[in-house]
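The values are calculated or read from the model by the stated rules, or taken from the named source; none is laboratory data. Keep in mind the model is a prediction, meaning the values are calculated, not measured. Reconstructed Cβ throughout: ideal geometry from the backbone, glycine too, with neighbour counts over all protein chains shown. With ligands, DNA and RNA removed, areas are computed over all heavy atoms of the protein, side chains included. Shrake-Rupley method; radii C 1.70, N 1.55, O 1.52, S 1.80 Å.
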Amino acid sequence: MSAFPVTRLRRLRRTGALRDLVRETTVSVDDLVMPLFVAPEALPNARLPGLARHTVESVVREVEELVRLGVPAVLLFGIPEEKDEDGSGAWVDDGIVQQALRALRPRFSELVLMTDVCLCEYTSHGHCGVVAADGQVDNDASLDLITRAAVSHAEAGADVVCPSDMMDGRVGAIREALPQLPIVSYAVKYASAFYGPFRDVADSAPAFGDRRGYQMDPGNVREALRECEQDVAEGADVLMVKPALPYLDVLRAVRDRFDLPLAAYNVSGEYAMLKAAAAAGDLDERAAATEALTSIRRAGADLIFTYWAKEFASWP
Ligand code: PBG
């Protein structure tokens, strides 16, 4: 190893073209998935444009624009007209996501249509599974309903299903029902404070208690690898770590241990933080967002679910 003055690391930083040639990690719109919320009524969001609600009609126009901008994939969330104990809106044939899929599928054959599979946007209590008489979320009783949701999404035209409920065994249950469909597992999902803006848009904050009985404790990384091991054994095709920025070490640990494609979810709170700082004039949004997304890729993510997908694709 030669030292200064033989080695001068600044030599390759002199011009933009040189820097471009030797850059190790880049972010491309090809790596991004845009989350979209479909609801009975539209609700624009001036402060956080990526967290707006669309109707089935307006989501078609939104997707047209995304496709024109080159965004390759969307992740659909649904907010139903009415919520109930079992989250039936998640799995009925005419549910809001199923309607959106039927509107989008024939119009955009190349677009990768992903769906979030969970009960929390559909249950009156806001939990991700069925609540038993003792007030606990019943793991095994939830699996059947979660699988029904995944199957009905597949029937309506989804290319990929993404279970985010954190019940044990849900990847295996969905895999058994859908042997051919890719599953992006929210394998490593933390009980995070960074989901706030999402819960406002999806109206899915738990009515009582919290999600710490099923989502992961933020202090754990060995447990994250065990979650991944389980999901690989159950038939997941892609592993996901969520949130992204406060968990870059977890992304790296999963990347080093597993060879499956790895996804990161750059969640609503991460988006809101930079939006707020940019709105206050404290930082340049485009530069900061690009740097944040680059860090997620550098930590090991192949694909990134991000509310910036549309804005990123439209930046010249
Ligand atoms: C659950 C789900 C959540 C998010 C994605 N899927 C919310 C939660 O677990 O409370 C959060 C995404 C975000 O904050 O951007 N269906």
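At-a-glance table
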| read-out | value |
| --- | --- |
| Residue check for P72: under 25 Å from E285 (Cβ atoms), open to solvent by 30 Å² or more (accessible area, probe 1.4 Å) and in contact (Cβ under 8 Å) with a residue 12 or more places away in the chain | yes |
| Pairs with Cβ under 6 Å, 6+ apart, first in segment 253-276 and more than 25 Å from G235 (Cα to Cα), second more than 16 Å from the ligand (Cβ to nearest atom) and modelled with pLDDT of 95 or more | L274/A288 |
| Residue check, R13 within 16 Å of the ligand (Cβ to nearest atom), open to solvent by 10 Å² or more (accessible area, probe 1.4 Å) and not acidic (D, E) | no |
| Identity of the residue in segment 201-225, outside any loop (DSSP other than H, G, I, E, B) and without any contact (Cβ under 8 Å) to a residue 60 or more places away in the chain, that ends up nearest to the ligand (Cβ to nearest atom) | M216 |
| Members of segment 89-128 that are more than 17 Å from L75 (Cβ to Cβ) and either open to solvent by less than 10 Å² (accessible area, probe 1.4 Å) or of a type outside the set (K, R) (or both) | G89, W91, V92, D93, D94, P106, S109, T123, S124, H125, G126, H127 |
| Residues of segment 173-198 that turn out to be more than 12 Å from the ligand (Cβ to nearest atom) and open to solvent by 20 Å² or more (accessible area, probe 1.4 Å), as a count | 9 |
| Scope segment 167-193; condition in a loop (DSSP other than H, G, I, E, B) and either more than 18 Å from the chain's Cα centre (by Cα) or closer than 21 Å to R255 by Cβ (or both); matching residues | D168, G169, L178, P179, Q180, P182, S192 |
| Within segment 27-52, tally of residues that are open to solvent by 10 Å² or more (accessible area, probe 1.4 Å) and either under 26 Å from D302 (Cβ atoms) or within 14 Å of the ligand (Cβ to nearest atom) (or both) | 8 |
| Residue selected from segment 104-143 under the condition more than 13 Å from the ligand (Cβ to nearest atom) and among the β-branched types (V, I, T), by the criterion farthest from the chain's Cα centre (by Cα) | V131 |
| Condition broken by R252, with the remaining ones in (1) part of a helix (DSSP H, G or I); (2) within 24 Å of L76 (Cα to Cα) satisfied | (2) |
